[in-house]
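The values are calculated or read from the model by the stated rules, or taken from the named source; none is laboratory data. This is a predicted model, so every value here is computed, not measured. Backbone-built Cβ (ideal geometry, glycine too); neighbour counts: all protein chains shown.
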Amino acid sequence: MDFLNSNVQARPQYGVILKPESGLPLPVKNHTQLEIGFGNGEFTVQYAKATPEIFLYGVEISQACVLRCARRAEGLKNLKIINTDARYMLRELFEDEALEKIIMQFPCPWPGNGNAHRRVTAKDFSDGLAAVLKVGGVFEMVSDDEDYSREVWRVLGNHEALNAEEFLINPARSITTKYERKWLEQGKNIFSITFRKLKNFTVQRRTSQEMHIKIRKKITQENINSLKNISGKDESKKAFWKFGKNFTDSEKFLLETLTSDDEFEQKFYINISPRDEGFLIRLDKTSSAFLTPAVRAALNDAAEKLCKNS
C-alpha cells in the first residue's frame, strides 16, 4: 500500500499523514507508542489528546480510514499516521527497542488455515513486534473474539521474548470505540490481553534505503513499450512484479509497476532518465514505495530487459 500522494499531503487538515521522505527507520521520542489498524481513528485521536506526553504513530492499511482519521486529528502535534500494511512493514518502520507500547484493537481473527500468516500469531509478525518493543514495553490487544484472544494469549505467551501478563474480560477503559460500546450494550464480552517484553530480541530487516542502476545504452520509447504487461517472480522470496503503462516527458520515462512481497502490494513508478552517456533507473520520488525484495527485483528486471532490447 502506497503512502498518500502529495496533493492530499498539501491540505492542512492532513498534516498528520506521514510521508517517508526521510527514509526508514522512523524517528522516535522518549515515549513513542504505536496503534495498528486504527480504523476511523476515533480511539486514536482521543488517546493522543488524552496523553499529550506520548508521541503516537498509527498504521492503517485502508486509505479511506487514514483520511477519516486525519480529518479528526487536525492540529495534533503528537500523532502521525501512515497508510501501509503493518503485517509486513512493522519491523521495517522501526529500529529495535523503539516503542514503549503497541496497541491493536479488534483485529480480524482471519479464520481458516489458509489465513494463518495474516494473524497476530504469525511468526513474522510476532517476531517483529518483539523486536521493536523496548525491554519492559507492552503489547496490548483488545478483541471481541474469545477464541482468537486465547490463541494469541497462548502463542505469544510462548514467545521467547514476551511474557503473557494480563487477560481481562470487559475491563473498564477510559477511551472506547463506537463499536465497542455497541457490543457491550448488547451483552457481548470484550477481551483485553497484555504482553510485556522481557529481553532483547532482533530480526533481519528486508527493506533498503536507495537503489540506482546505471546502464550505458540508449533507451527509446520502443524499448520502454516492450516492457508493458511483462511480469516476473522470485518464489523463494514470495516476490512478484508486473510492469504496466509508461509515460514520457522529453527523454525521461515513467514506468508503472506493481509489486507484491508475500501479499504486501505496492504500486509505483520507475524513473528512467538520461544520465551522462546512459540512463539511470531508480524509484520515482513521487511514488514513496518501500525498497522491498520485490521492488528491488523489479528494478533489476527492468534494467536487464532494457539492456537486452536497446
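Can you spot a residue in segment 164-178 that is of a type in the set (A, V, I, L, M), touching a helix residue (DSSP H, G or I) at 6+ places or on another chain (Cβ under 8 Å) and buried (at least 18 other Cβ atoms within 10 Å of the Cβ)?
No, segment 164-178 has no match at all.
Of the residues GLU265, GLU210, only one is in a loop (DSSP other than H, G, I, E, B) and under 20 Å from the mean Cα position of the chain (by Cα); which?
GLU210
Could you tell me which of the residues GLU92, GLU100 is among the acidic types (Asp, Glu), within 20 Å of LYS134 (Cα to Cα) and part of a strand (DSSP E or B)?
Matching residue, one of GLU92, GLU100: GLU100.
List, please: which pairs have Cβ atoms under 6 Å, are six or more places apart or on different chains, and start with a residue in segment 290-309 that is of a type in the set (A, V, I, L, M) and end with one that is in a helix (DSSP H, G or I)?
Partner pairs satisfying both residue conditions: LEU306/ASN223.
Taking ASP301 and the conditions (1) in contact with an Asp or Glu (Cβ under 8 Å, 6 or more places away or on another chain); (2) part of a helix (DSSP H, G or I), which numbered condition does it fall short on, given that it satisfies the others?
With respect to (1) in contact with an Asp or Glu (Cβ under 8 Å, 6 or more places away or on another chain); (2) part of a helix (DSSP H, G or I), ASP301 is out only on (1).
Of everything in segment 225-275 that's closer than 18 Å to THR286 by Cβ and among the β-branched types (Val, Ile, Thr), which residue is modelled with the lowest pLDDT?
Across segment 225-275, the extreme among qualifying residues is THR248.
May I ask you to list the residues in segment 135-152 that are part of a strand (DSSP E or B) and small (Gly, Ala, Ser)?
GLY136, GLY137, SER143
What's the number of the only condition in (1) polar (S, T, N, Q); (2) within 17 Å of ILE213 (Cα to Cα); (3) not in a strand (DSSP E or B) that SER236 fails to meet?
Of everything listed in (1) polar (S, T, N, Q); (2) within 17 Å of ILE213 (Cα to Cα); (3) not in a strand (DSSP E or B), SER236 misses just condition (2).
Looking at segment 238-255, which of its residues are within 26 Å of the chain's Cα centre (by Cα) and buried (at least 17 other Cβ atoms within 10 Å of the Cβ)?
If the condition is that a residue be within 26 Å of the chain's Cα centre (by Cα) and buried (at least 17 other Cβ atoms within 10 Å of the Cβ), then ALA239, PHE240, TRP241, LYS242, PHE243, LEU254, LEU255 are the ones that fit.
Counting only residues that are assigned by TED's automatic domain parsing to the domain that holds ARG91 and of a type in the set (Gly, Ala, Ser), which one in segment 186-208 is surrounded by the most Cβ atoms within 10 Å (Cβ to Cβ)?
Per the stated criteria, the residue is SER192.
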